[in-house]
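Undergrad: Next up is a structure, given as C-alpha cells.
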Amino acid sequence: MQIAIGALIGNGRSWEDSVDYVIEAEKLGVASIWTGEAWGFDAMTPLAYIASKTSKIKLGTSIIQIGSRTPANLLMSSLALQSMSDGRFTLGLGASGPQIMEGFHGINFKNPVRRTRELIEILRMGFSGERLQYEGQEYTLPRKGGEGKPIKSSASLPSLNVPIYIAALGPANLELTGELADGWIGGSFMPETAEVFLEKIRTGAKRTGRSIDDIDLQIPVSAEFSDDIEEISKRHAMGYGFEFGAMGSKNSNFYKNAYSRQGFAEILEEVQNLWIEGNRDSARDLVPVELALKSNLIGTDDMIRERLKLYKKVGINTLKVNLAGNSKNEKLETLSRLMNLVNELD
C-alpha cells in the first residue's frame, strides 16, 4: 500500500516551508504529493514549483475542475508539467459541483460525466500526438463554421504520456472511471461498504476489456493518533457537518449521496436540513461517530493498524492522508508514525 499526502499550501504558509514538508515526506517513503483547487489557488502552478525542488516524489492534481479550462489549455499545462518533472505528473480530474462551477467559473454544470468522457478522449488524442479533431456533444474541435483547422500539439511525445485519474462518487462517474481512467480518486468511502463503489468501477472496466486491478484506487483519509477515542471520533464526526450541509446544494450534494448509499441516508437528510435551517451546531452534533471512525485512520496504533488491513483487503492501493498537526513538524511526526504501521503491513 502506498501513502500519498496533500501539499501544505496557503493559509499564510511560505512556499519554502511547503517544499521542505514535501522533501521530508519523500524521505519517509511517501509516494506522491497532490494539490487541489476550490476557489483559492489553482492546482497546477504549485506543482510546477514543487517539481523544480524535488526529484523522485510523484506529483498529482486532486483535483482539476473540468470545465474550468479548455481541453487544449489543459493539454498544454499537463505536457509542461510532465516535461519539467521528468515524467512524475498525474492529472487528476473532477466535476466539482454546481456552486463552484456556476457560481465561481460561470460554467454550466450540466452533463459532468459526459463532459469528463469527452475531455479525456481529447486529452488522450493530444498526449499521443494526434491532431485535435473531435465532434462531441460538449466539445467540438475545430469549432464549426470558423477558420480553424485540426492542430496537434508541438509538445506531444510518447514519453510525455500523462496518467489520468478521475475523482468520482456517483454511479455513472464510477463506471466511467473503470472504463477510461488510470486511477480513481475516491472519497466518502468506508471499507466495510466498498462494493458500493468498486462494483461500479468493475463494471466500467469490463466494458473495455480491463480489470479493476489495472486501476490505482486512491482514497483520502484523515490520520490522527489518540487514546481518547470518544473525543477524537466525535470531533472528526462533527467536522463532516460542513461537508453534508454546505458542500453542495440541497439537490446536489455528492458527499451526502455517497454516504446515503452506504446506509446513512435518513440521518444525513436530517443533518443537511438542520444546516440549511441555520442550526449548524445541531447539524454537526448529529453526524454519526461511526461514520468518522470508518472513514478515517483515527485512534490508537492498534485501531489504525486494523483499519489499514481493511483498506488493503478490499483492494485499495493508495491512501491520501490528511495528517493531524498544526505545524509542519507535528504533521511529519504523525506521518512517521503512520509509515511505520504501513511498513509493518507490507
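The values are calculated or read from the model by the stated rules, or taken from the named source; none is laboratory data. Predicted, not measured: the structure shown is a model, and the values here were computed from it. For neighbour counting, all protein chains shown are included, and Cβ atoms are generated from backbone atoms with ideal geometry for every residue, glycine included.
Undergrad: Can you find, within the stretch 132-156, the residue that is farthest from SER68 (Cα to Cα) among those that are surrounded by 14 or more Cβ atoms within 10 Å (Cβ to Cβ) and of a type in the set (A, V, I, L, M)?
TA: Filtering the stretch 132-156 for residues that are surrounded by 14 or more Cβ atoms within 10 Å (Cβ to Cβ) and of a type in the set (A, V, I, L, M), the one farthest from SER68 (Cα to Cα) comes out as ALA155.
Undergrad: Right, something else. For the stretch 242-346, list the helices (runs of 4 or more DSSP H) that sit wholly inside it and hold at least 2 residues that are surrounded by 14 or more Cβ atoms within 10 Å (Cβ to Cβ) and outside the structural domain of ILE57 (by TED's automatic domain parsing); which are they?
TA: Details: elements: 254-259, 265-276, 280-286, 289-295, 301-313, 328-345.
It comes to 254-259, 265-276, 280-286, 289-295.
Undergrad: Among the helices (runs of 4 or more DSSP H) contained in the stretch 40-105, which hold 1 or more residues that are hydroxyl-bearing (Ser, Thr, Tyr) and farther than 22 Å from TYR139 by Cα? Steps first, please.
TA: On the way: elements: 44-53, 71-84, 98-103.
Qualifying helices (runs of 4 or more DSSP H): 44-53, 71-84.
Undergrad: Which condition breaks for GLY129 when tested against (1) outside any loop (DSSP other than H, G, I, E, B); (2) surrounded by 14 or more Cβ atoms within 10 Å (Cβ to Cβ); (3) modelled with pLDDT under 95?
TA: With respect to (1) outside any loop (DSSP other than H, G, I, E, B); (2) surrounded by 14 or more Cβ atoms within 10 Å (Cβ to Cβ); (3) modelled with pLDDT under 95, GLY129 is out only on (1).
Undergrad: Can you tell me which residues in the stretch 222-277 are at positive phi and either among the hydrophobic types (A, V, I, L, M, F, W, C) or at pLDDT below 95 (or both)?
TA: Matches in the stretch 222-277: GLY248 only.
Undergrad: Would you confirm, using the coordinates I've provided, whether ALA324 is in contact with a Gly (Cβ under 8 Å, 6 or more places away or on another chain) and at negative phi? Can you show your working first?
TA: On the way: in contact with a Gly (Cβ under 8 Å, 6 or more places away or on another chain): no; at negative phi: yes.
Considered against the rule, which asks whether it is in contact with a Gly (Cβ under 8 Å, 6 or more places away or on another chain) and at negative phi, ALA324 comes out as no.
Undergrad: Got a sec? Which of ASP301, ASP214 is among the charged types (D, E, K, R) and farther than 20 Å from ILE166 by Cα?
TA: So the residue among ASP301, ASP214 that is among the charged types (D, E, K, R) and farther than 20 Å from ILE166 by Cα is ASP301.
Undergrad: What pairs come up if the first residue lies in the stretch 153-164 and is within 17 Å of ALA72 (Cβ to Cβ) and modelled with pLDDT under 90, the second is acidic (Asp, Glu) and outside any loop (DSSP other than H, G, I, E, B), and their beta carbons are under 8 Å apart, counting only those six or more places apart or on different chains?
TA: none
Undergrad: Further question on the same structure: Got a number for residues in the stretch 279-326 being within 11 Å of SER233 (Cα to Cα) and of a type in the set (Lys, Arg)? Before you say what the answer is, go through the steps one by one.
TA: Keep residues of the stretch 279-326 that are within 11 Å of SER233 (Cα to Cα), which gives 287-299.
Narrowing further to those that are of a type in the set (Lys, Arg): 294.
Result for the stretch 279-326: 1.
Undergrad: Do we have LEU123 as more than 26 Å from ILE219 (Cα to Cα) and touching a strand residue (DSSP E or B) at 6+ places or on another chain (Cβ under 7 Å) here?
TA: no
Undergrad: Write out, first by first residue and then by second, each pair whose Cβ atoms fall under 8 Å of each other, whose residues are 6+ apart or on separate chains, and whose first residue, in the stretch 213-236, is free of Cβ contacts under 8 Å to residues at least 60 places away in the same chain while the second is in a strand (DSSP E or B).
TA: ILE215/GLY183; ILE215/TRP184
Undergrad: Before we move on, is LEU28 assigned by TED's automatic domain parsing to the domain that holds LEU217 and surrounded by fewer than 19 Cβ atoms within 10 Å (Cβ to Cβ)?
TA: yes
Undergrad: If you go through the stretch 162-211 one residue at a time, how many are under 19 Å from LEU93 (Cα atoms), β-branched (Val, Ile, Thr) and assigned to a helix (DSSP H, G or I)?
TA: 2
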